[in-house]
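The values are calculated or read from the model by the stated rules, or taken from the named source; none is laboratory data. The structure displayed is predicted, hence computed values, not measured ones. Don't worry about glycine lacking a Cβ; one is built from the backbone with ideal geometry, like all the others, and counts go over all protein chains shown.
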Amino acid sequence: MESLFNRLKAGRLFSFPGGVKPPERKALSNQTAIAALPLPDKLFVSLKQHIGVEGKVQVKEGDKVLKGQVLTASPNPFAVPVHAPTSGTVTRIGLHAAAHPSGLPEQTIEITPDGLGQWTTLSPIPNYAQLPKMKIIEAICNAGISGMGGAGFPTHLKISSKKDVEFLIINGVECEPYITADDRLMREHAWQIRQGIDILVHLLNPGAVLIAIEENKPEAIDAMRVACKDQSRYLVCPIPTRYPAGGEKQLIQNLLDREVPRKGLPIDVGVIMQNVGTCYAIADAIFSGKPLIERVVTLTGESLQAPGNYWVPLGTPVYHLLNQAKYVSSLQQKKRIIMGGPMMGFTLHTDLAPVVKTSNCVLVPSDQAMPLPPDEQSCIRCAACADACPASLLPQQLYWHAKANELERAQDFNLFDCIECGACAYVCPSDIPLVHYYRRAKADIRIQEQEKQKSDKARQRFEARNARLEREAEERKAKHAEAAERRRQAMQQPADNPQDKIAAALARVQAKKQAAQPDAVPEANEDKVAAAIARAKAKREAQQAQTGEPAKASALADDPKKAQVASAIARAKAKREAQQAQTTETVESASPAASDDAEAAKKARVAAAVARAKAKRDAEKADDAPESDAQPAENAQIDDADAAKKARVAAAVAKAKAKRDAEKADDAPESDAQPAENAQIDDVDAAKKARVAAALAKAKAKRDAEKAASTTETNHQPDDITQVDDAEAAKRARVKAAVARAKAKKAQQQDDPS
């Protein structure tokens, strides 16, 4: 490093290949000092003014903002915030024309200045040397500083390198024609640039600082030498005037004879480079606390009557600059505005585009000074473009592949090593816009790479999902296999312990009982419906008896029939309660007699159902018997009374049997200590008695129905007194039947509390 430093100190430089020497035309704008411009009516602050990502908007429409207030923020390291250039009101947030070759709109914050210029609270750091370096880097990032001489790479990322820095190069070459912003800045603000260099030296600790300035700027060279004369490691290096000497890779090669590797960075060869405008902004941010809200812009060209360099707030639309520089439209056949210089700049699609952090020049040439480009002609393979290329590429090959959309072949010829300096197009005799083809090919490749990244991410997510599903399936399969193995081992192990057998049997019985519970619900619902029907019929009959209307001869036959139906229902309920008691006793005892009890209960239910069916059939036959027109006699009334009396007796017998069965069902849970054999005998007796009772009831019902039918064949005169007695007797029979049903229902609820 010392040898290189001494060589540069002696004025001996290296060189780079290619390059051209176009007319400079810098005198148009470098003769006057940097001036300030009045604020425009609207400011259009683009959210993304650098390489990286845009931040999230921190304001909304209608908000009042102060000068220097943060407008965007993002945790992404490739994002730097933008700030309000002046105080005013946010009138709109949306798409607006951007300072870009594509002319596509970008998200923009529109601010209407209030003319007050009221600053937000600033936080200067005068004692930066006493603070941690990361604190200073954070302050530079928060100030929104990015590279102001090239592509706009975030400054805080460039100065956060962990590698050793041998040389810090300050780029003040400004080799492109017409542009003089850095020249005037070094002339007028050399000391503040020196302060920015000191901050960078504190952060990077380089071995030496090289301040490169082109030889056509003698005043800037002298000013910087005066500002840096007290620092022996700061060296101002005048370099020959040749385009593009100010390119990053070309300048490193010109000063140090080091070539930045393909797809590499200057730090890979021990170098970090910053523009003089960036150094000025760093000093402003640290010592004054001001964010980057304005910059020096060169307004030049033969179509402007007042060219020069101006402090322009970021977001100022180009049309306002043209009005202030007194644009003469008659000197241009077609309005042509170039953002940047004539070599690397691009033509704006509209003068609504705003100034951004990388905008160093607005060029409005006349048609005479810079004629419109002629029509493109075929390449003659003269190789003049290859001789002028400072990157030692083959521009003609890149042109062929880019034009044919052979993007992979273009990459094979190192397309992305092209710095788009325009030297090849400048010397092309066929007037081929070579840089245009290269830019379009690069854009297409970037789009393809983005699509490939998206598809790769989607494929990775799909594969990860499939792997997860397969893993879950394997886990479930392993769990099932493990459970099956446990069951197999449990079945193979002998159960010698009687207690284990009993416990297993109880568990199986309990499981079966729980499984059978849903099936019992419909039967219980049917019992409730039958009981409700019986209660409704009894209530209706009681109401009819209370009305005192004369009963017909057919009613005398119907009352015994209803009593028989009630008694049958009571018997059925009693049998069901006995069966439930038998089932409860069987489950609790967990003995082998459970199957016998269930069979007996099943037979009892069948017998009761048969009895009910026969009684119903006999009753229907009694209803269908032909009625005679003869008048009833006293003998017929006596027979009817006897039939009613017998029906009441039958109902009483059924009631007594139902009561006895219910009492037996209530006493069944208390006899858990009795052996299983006694329980089986009692269950069989109960079932037998229930069948006997059902048979008796059936016989009586049949006999009563036959007697009631025979009474209709005679014609006698009705006796009012006898009819009243019969009605009262039928009413009492119905009441007793209802009482029997109520008791049976109560017994059922006690046995089955669920």
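Would you check which residues across region 67-99 are out of contact with any His (no Cβ under 7 Å at 6 or more places or on another chain), surrounded by 17 or more Cβ atoms within 10 Å (Cβ to Cβ) and part of a loop (DSSP other than H, G, I, E, B) and list them?
Ala79, Pro81, Val82, Ala84, Pro85, Thr86, Ser87, Ala98, Ala99 - these are the residues of region 67-99 that are out of contact with any His (no Cβ under 7 Å at 6 or more places or on another chain), surrounded by 17 or more Cβ atoms within 10 Å (Cβ to Cβ) and part of a loop (DSSP other than H, G, I, E, B).
Do we have any residue at all in region 1-12 that's modelled with pLDDT of 90 or more and in contact with a strand residue (DSSP E or B) (Cβ under 8 Å, 6 or more places away or on another chain)? Walk me through how you get there before you give the answer.
Our first condition is that a residue be modelled with pLDDT of 90 or more; within region 1-12, this holds for none.
Within region 1-12, not a single residue is modelled with pLDDT of 90 or more and in contact with a strand residue (DSSP E or B) (Cβ under 8 Å, 6 or more places away or on another chain).
Quickly run through region 449-469 and pick out the residues that are more than 23 Å from Gln411 (Cβ to Cβ) and under 18 Å from the mean Cα position of the chain (by Cα).
Hits for region 449-469 are Ala458, Arg461, Phe462, Arg465.
Taking the residues in region 32-66 that are surrounded by fewer than 20 Cβ atoms within 10 Å (Cβ to Cβ) and not in a loop (DSSP other than H, G, I, E, B) as candidates, determine which candidate is nearest to the chain's Cα centre (by Cα).
Applying the filter and picking the extreme gives Lys56.
Give Pro261, Pro307 a once-over and let me know the one that is of a type outside the set (Ser, Thr, Tyr) and either out of contact with any Ser or Thr (no Cβ under 8 Å at 6 or more places or on another chain) or under 27 Å from Arg439 (Cα atoms) (or both).
On the way: Pro307 fails: either out of contact with any Ser or Thr (no Cβ under 8 Å at 6 or more places or on another chain) or under 27 Å from Arg439 (Cα atoms) (or both).
Going through Pro261, Pro307 in turn, just one is of a type outside the set (Ser, Thr, Tyr) and either out of contact with any Ser or Thr (no Cβ under 8 Å at 6 or more places or on another chain) or under 27 Å from Arg439 (Cα atoms) (or both): Pro261.
Can you find even one residue in region 263-277 that is surrounded by fewer than 20 Cβ atoms within 10 Å (Cβ to Cβ) and touching a strand residue (DSSP E or B) at 6+ places or on another chain (Cβ under 8 Å)? Let's see the steps before the verdict.
Initial filter on region 263-277 (surrounded by fewer than 20 Cβ atoms within 10 Å (Cβ to Cβ)): 263-265, 267-270.
Right, trim to touching a strand residue (DSSP E or B) at 6+ places or on another chain (Cβ under 8 Å) and you get 270.
Looking through region 263-277, at least one residue is surrounded by fewer than 20 Cβ atoms within 10 Å (Cβ to Cβ) and touching a strand residue (DSSP E or B) at 6+ places or on another chain (Cβ under 8 Å).
Restricting region 428-444 to residues that are of a type in the set (A, V, I, L, M, F, W, C) and surrounded by 19 or more Cβ atoms within 10 Å (Cβ to Cβ), which is farthest from Tyr243 (Cα to Cα)? Steps first, please.
The first filter runs over region 428-444 and keeps only residues of a type in the set (A, V, I, L, M, F, W, C), leaving 428, 432, 434-435, 441, 443.
Within this subset, residues satisfying the condition of being surrounded by 19 or more Cβ atoms within 10 Å (Cβ to Cβ) are 428, 432, 434-435, 441.
Details: Cys428: 16, Ile432: 19, Leu434: 17, Val435: 16, Ala441: 24 Å.
Ranking the candidates gives Ala441 first.
For residues that are of a type in the set (D, E, K, R) and within 30 Å of Leu299 (Cβ to Cβ), tally how many sit in region 1-52.
From region 1-52, those of a type in the set (D, E, K, R) are 2, 7, 9, 12, 21, 24-26, 41-42, 48; that's our starting set.
Checking which are within 30 Å of Leu299 (Cβ to Cβ) leaves us with 21, 24-26, 41-42, 48.
Selection size over region 1-52: 7.
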